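To start, the structure itself, in structure tokens.
The values are calculated or read from the model by the stated rules, or taken from the named source; none is laboratory data. From a predicted model like this one, the values you see are computed outputs, not experimental measurements. Here the Cβ positions follow ideal geometry from the backbone for every residue, glycine too, while neighbour counts run over all protein chains shown.
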Amino acid sequence: MSNPYLSIVIPIFNEEENIPVLWERLSRMLQESFATPERGWEVVFTDDGSRDRSLEMLKAIAAEEPRVSVVEFNRNYGQHSAIFGAFSIVAGEIIVTLDADLQNPPEEIPKLVAKMEEGFDVVGGWRQGRMDNDSLFRTLPSKIVNAVTRKTTGVKLNDYGCMLRAYRREIVDAMLQCKERSSFIPALANSFAKRIAEVPVGHAERAAGESKYGLWKLINLQFDLLTSFSLLPLQMLSVIGVLIAILGFVLFLGLVAYRFLHPEGTAQGVFTLFAILFFFVGCQFVAFGLLGEYIGRIYQEVRDRPRFVVKRIHKQL
Ligand code: UDP
Ligand code: MG
């Protein structure tokens with residue numbers, strides 16, 4: 001079998017309710033739009049340690065359809081690692097990633113591919129009508145993630161969080177060479193791409209099951225983004241430190257002057273000092289926290305543990 005033109009990558013973590021409809025819609029789209037031999041396709045699922053029947057269902061699909069493979073992880077490593085696991089075996093010219101919960105309609109893939117054919121390296125989906133479908137609890141953190149990512153990575157995209165994205169082969173190869181453990185794929189890809197585009201895509205409610213991202217996973221993701229793509233937080237620390245030092249000095253001069261002008265007024269001074277002290281202590285904790293975050297990450301990199309362990313790859317020979 002010659003190399004496919006299009007590879008579709010889907011991470012799966014406990015998605016048994018969504019797999020049948022997903023596969024139905026995806027395969028219909030592929031039959032319709034990628035039927036010719038020179039535009040062949042493959043689908044790579046990663047089973048990210050699912051505890052439900054997802055793996056069996058995927059294996060059944062792979063047993064029936066030779067163009068489907070399943071990378072089985074030995075446990076749960078997270079969405080981005082799952083995508084990397086699939087990246088390590090994809091063979092296509094254009095690689096499209098997609099969520100399994102049908103929030104990204106598979107029918108939008110031809111649109112992304114068409115945009116890629118105009119010569120772009122990366123094409124991202126830009127979710128339309130998101131506010132109506134997702135709760136504020138889920139969209140507000142994403143808005144913050146988007147804004148901070150725009151600032152720290154310097155690439156102006158409207159939607160970083162959308163995982164319906166297309167990448168050129170070279171970009172995926174470059175990402176595979178990155179040894180760092182925590183990488184947010186859309187931002188990483190952009191750091192290797194020259195021509196980046198966005199196309200508006202539909203966005204639906206999660207078809208079944210719950211979001212696998214709790215608040216804690218989102219906070220983690222934000223720290224990943226902040227520390228893996230820029231040194232800005234560290235630089236901000238120094239700037240804030242200098243500002244506080246100047247402020248403290250001015251305040252000190254002010255207090256000395258106050259003492260000379262009003263020798264009798266002492267009582268409130270204690271409270272002012274407390275206020276100032278708390279402020280400084282707070283700043284220090286933030287600073288330590290940030291330093292700790294970087295050091296923790298360095299420690300993780302130094303240990304150089306594998307990002308994931310593939311147990312088996314299920315594919316027809
Ligand atoms: N996912 C995964 N491993 C995880 C968490 C999620 O492979 O640890 C997959 C999940 O099955 C889905 C995609 O990543 O296909 C996006 O997850 P989800 O829909 O929960 O995220 P959200 O849409 O809330 O951002
Ligand atoms: Mg989802």
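Computed quantities for the displayed model
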quantity	calculated
Test: residue in the stretch 220-236 that is touching an Asp or Glu at 6+ places or on another chain (Cβ under 6 Å) and within 16 Å of ligand 2 (Cβ to nearest atom)	no
Verdict on residue 215 being at pLDDT below 80, on the phi < 0 side of the Ramachandran plot, hydrophobic (A, V, I, L, M, F, W, C) and more than 13 Å from the chain's Cα centre (by Cα)	no
Any pair with Cβ under 6 angstrom, 6 or more apart, that starts in the stretch 205-220 at a residue that is among the small types (Gly, Ala, Ser) and ends at one that is near ligand 2 (Cβ under 9 Å from one of its atoms)	207/101; 207/102
The stretch 230-287, residues that are closer than 30 Å to residue 190 by Cβ and either in a helix (DSSP H, G or I) or in contact with a Lys or Arg (Cβ under 7 Å, 6 or more places away or on another chain) (or both)	232, 233, 234, 235, 236, 237, 238, 239, 240, 286, 287
Which numbered condition residue 79 fails, given (1) over 20 Å from residue 202 (Cβ atoms); (2) away from ligand 2 (no atom under 14 Å from the Cβ); (3) touching an Asp or Glu at 6+ places or on another chain (Cβ under 8 Å)	(2)
Lone unmet requirement of (1) in contact (Cβ under 8 Å) with a residue 24 or more places away in the chain; (2) among the basic types (Lys, Arg); (3) away from ligand 2 (no atom under 16 Å from the Cβ); (4) out of contact with any helix residue (DSSP H, G or I) (no Cβ under 8 Å at 6 or more places or on another chain) for residue 150	(1)
Qualifying residue in the stretch 157-174 (condition: within 21 Å of residue 11 (Cβ to Cβ), in contact with a helix residue (DSSP H, G or I) (Cβ under 6 Å, 6 or more places away or on another chain), assigned to a loop (DSSP other than H, G, I, E, B) and within 16 Å of ligand 2 (Cβ to nearest atom))	yes
Which listed residue, of 95, 89, is surrounded by 23 or more Cβ atoms within 10 Å (Cβ to Cβ) and either touching a residue at least 60 places away in the same chain (Cβ under 8 Å) or away from ligand 2 (no atom under 16 Å from the Cβ) (or both)	95
The stretch 259-317 - residue that is acidic (Asp, Glu) and more than 30 Å from residue 55 (Cβ to Cβ) and, of those, surrounded by the fewest Cβ atoms within 10 Å (Cβ to Cβ)	264
Those residues of the stretch 31-46 which are among the charged types (D, E, K, R) and out of contact with any Ser or Thr (no Cβ under 6 Å at 6 or more places or on another chain), in sequence order	32, 38, 39
Flag if residue 69 is more than 13 Å from ligand 1 (Cβ to nearest atom), closer than 18 Å to residue 172 by Cβ and not acidic (Asp, Glu)	yes
Failed criterion for residue 102 (all others in (1) over 21 Å from residue 174 (Cα atoms); (2) modelled with pLDDT of 95 or more; (3) assigned to a loop (DSSP other than H, G, I, E, B) hold)	(2)
Lone unmet requirement of (1) closer than 22 Å to residue 12 by Cβ; (2) within 13 Å of ligand 1 (Cβ to nearest atom); (3) at pLDDT below 80 for residue 207	(3)
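Table: residues versus (1) of a type in the set (Lys, Arg); (2) within 16 Å of ligand 2 (Cβ to nearest atom); (3) buried (at least 18 other Cβ atoms within 10 Å of the Cβ); (4) over 15 Å from residue 89 (Cβ atoms).
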| position | (1), (2), (3), (4) |
| --- | --- |
| 14 | no, yes, yes, yes |
| 19 | no, yes, yes, yes |
| 27 | no, no, no, yes |
| 35 | no, no, no, yes |
| 38 | no, no, no, yes |
| 49 | no, no, yes, yes |
| 54 | no, yes, yes, yes |
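Here is a yes/no grid of residues against (1) of a type in the set (S, T, N, Q); (2) over 29 Å from residue 177 (Cβ atoms):
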site	(1), (2)
15	no, yes
21	no, yes
33	yes, yes
57	no, yes
85	no, no
101	no, yes
110	no, yes
